[in-house]
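Enquirer: I am attaching a structure below and will ask some questions about it afterwards.
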Amino acid sequence: IGALRWHFLLQSLEDLQKNLSQLGSCLLVIQGEYEALLRDHIQKWNITQVTLDAEMEPFYKEMEANIRRLGEELGFEVLSLVGHSLYDTKRILELNSGTPPLTYKRFLHILSLLGDPEVPVRNLTAEDFQRCRPPDPGLAECYRVPLPVDLKIPLESISPWRGGETEGLQRLEQHLTDQGWVASFTKPRTIPNSLLPSTTGLSPYFSMGCLSVRTFFYRLSNIYAQAKHHSLPPVSLQGQLLWREFFYTVASATPNFTKMAGNPICLQISWYEDAERLHKWKTAQTGFPWIDAIMTQLRQEGWIHHLARHAVACFLTRGDLWISWEEGMKVFEELLLDADYSINAGNWMWLSASAFFHQYTRIFCPVRFGKRTDPEGQYIRKYLPILKNFSSKYIYEPWTASEEEQKQAGCIIGQDYPFPMVNHKEASDHNLQLMKQVREEQHR
């Protein structure tokens, strides 16, 4: 993971330590290989129970299995609870067994049979910690939350988004105060290039475990119950939580979910391998200001709007460059604060039309898409200041400005900012034919 997410994680742990200390407890952070550490500390500290989230990703499923084996060997209990998702994905898959692959419609039907998710566990209070023996102060210092400098993380790479439960709860309360906005929220109508997030911006806090997704679900339910009318899944705020759940469920049952090869739900496509083009996309040098502004915001802040993610993902894959979604997924995994195994891979398969999404003729234009919601180009001016002096007429296509107008703007295209790396019309038409061909062959 990249530096921004490391900072967010360490801030989250610092916040957790602070909140626990106010309850008379503390957080001990032990670094190293988990099996060796458990063997050492189980005996050293006389530990009788190890708890963890019920895991869905392959790496953590294997870790949980190893910890259970260790528990049998060393005599400690392992308590695994569903905490990161709304439902137990295993239960959903059991109800879907014997049917074709899980579709979103079928998924919603199964959830209707299960009813609402479990109510979130109450918050801990000081009374819960009264029976705990206060730790040796020296122990707390020995196992403190590491500082960025301890992990050699560059200090200049700090996102404006701050990690931790305290910040996450403030954001949650701030959004829930506007009950009209909550009730009428529809995902497609939010603005990808607003200078402040037009969605809740809570995803990094759910991803890192700072906020309970069930708390959010039930707070929304209470607001919906008081509203005369409210939006519904899949476009409502609760609908966004259900999409998250859908990807978790499918990922937990799909081998090689983060790869194309050996992935039974993914189209097998001969993508181009082009390191130079991939690098230009990753470093905001495509020559399309809307795409480059998004990739700049991603690198600087670690967050971009979901429609902005759609734009850059389509551009990299089936829209313009015909480069594998796996490459884009790796870049997002490094740079996003809310990077998530299941959701990241699921969305990249979706946006490259490799799985889930089949209306592959819909291609996002790297000029018109952004211009529709931000005709003045304020978003581009913020994240690509080299272009800030271009008029609104040219801000999305500065290469169309005359040489004199480029000089007046203080930016010569091809010198201060690159020409477009592809002709969008030609590239997208060509890629559309490739995609048709791939799908017809694999359908046969």
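The values are calculated or read from the model by the stated rules, or taken from the named source; none is laboratory data. These numbers come from a predicted model, not from an experiment. Note: areas computed on protein heavy atoms with side chains; ligands, DNA, RNA excluded. Shrake-Rupley method; radii C 1.70, N 1.55, O 1.52, S 1.80 Å.
Enquirer: Can you tell me the orientation of helix 341-351 relative to the chain, as the angle in degrees between its alpha-carbon axis and the longest Cα principal axis, to the nearest 10?
Expert: It is inclined by approximately 20 degrees.
Enquirer: Per residue, how many Å² of accessible area does region 106-250 show with a 1.4 Å probe? Before the final figure, lay out each step's value.
Expert: On the way: 8150 Å² over 145 residues.
Counting only protein heavy atoms, the per-residue value for region 106-250 is 56 Å².
Enquirer: Compute the acute angle (0 to 90°) between the alpha-carbon long axis of helix 424-443 and the principal axis of greatest extent of the alpha-carbon atoms of the chain; round to the nearest 10°.
Expert: The angle comes out near 60 degrees.
Enquirer: Could you please state, rounded to a whole Å, how far the C-alpha centre of region 37-101 is from the C-alpha centre of region 263-301?
Expert: Going from one Cα centre to the other spans 36 Å.
Enquirer: Hey, what's region 275-442 come to in accessible area per residue, 1.4 Å probe, Å²? The partial results should precede the final answer.
Expert: Numbers: 6920 Å² over 168 residues.
Value returned for region 275-442: 41 Å² of accessible area per residue.
Enquirer: I would also like to ask the following. Find the centroid of the Cα atoms in region 377-415 and in region 189-203, then give the distance between the two in whole Å.
Expert: Region 377-415 and region 189-203 have Cα centres spaced 25 Å from each other.
Enquirer: In addition: So for VAL29, VAL119, what's the accessible-area order with a 1.4 Å probe, most first? If you can, show how the numbers build up before the last one.
Expert: Details: VAL29 30, VAL119 105 Å².
Descending order: VAL119, VAL29.
Enquirer: Would you mind checking the pairs LYS382/LYS436; LYS330/LYS436; LYS18/LYS330; LYS259/LYS436; LYS152/LYS282; LYS330/LYS393 and listing those with alpha carbons more than 28 angstrom apart? The partial results should precede the final answer.
Expert: Details: LYS382/LYS436 38 Å; LYS330/LYS436 26 Å; LYS18/LYS330 33 Å; LYS259/LYS436 21 Å; LYS152/LYS282 23 Å; LYS330/LYS393 35 Å.
LYS382/LYS436; LYS18/LYS330; LYS330/LYS393, as the Cα separations exceed 28 Å there.
Enquirer: Given the -39500 (n - 2.57) contribution per DSSP H run of 4+ residues, what per-residue ellipticity at 222 nm results for the chain, rounded to the nearest 500 deg cm²/dmol?
Expert: Helix-only estimate at 222 nm: -15000 deg cm²/dmol.
Enquirer: Of all accessible surface on region 275-442 at a 1.4 Å probe, what whole percent is carbon and sulfur?
Expert: Working: 3350 of 6920 Å².
Answer for region 275-442 is 48 percent, counting heavy atoms of protein chains only.
Enquirer: Further, regarding this structure: Among (1) 24.0, 78; (2) 22.0, 72; (3) 28.1, 97, which is the computed Rg and Dmax of the Cα atoms in Å?
Expert: Correct label is (1).
Enquirer: Give me the percent of the accessible area of region 146-257 that comes from carbon and sulfur atoms, probe 1.4 Å, all protein chains in place.
Expert: Values: 3020 of 5270 Å².
Taking all protein chains in place, region 146-257 shows 57 percent carbon and sulfur surface.
Enquirer: Please give the helix 325-335 orientation as an angle from the longest Cα principal axis of the chain, in degrees from 0 to 90, rounded to the nearest 10.
Expert: So the helix axis and the longest Cα principal axis differ by about 60 degrees.
Enquirer: Ignoring ligands, DNA and RNA, what percent of the accessible area of region 1-93 is carbon or sulfur (1.4 Å)?
Expert: Roughly 51 percent, rounded to a whole number.
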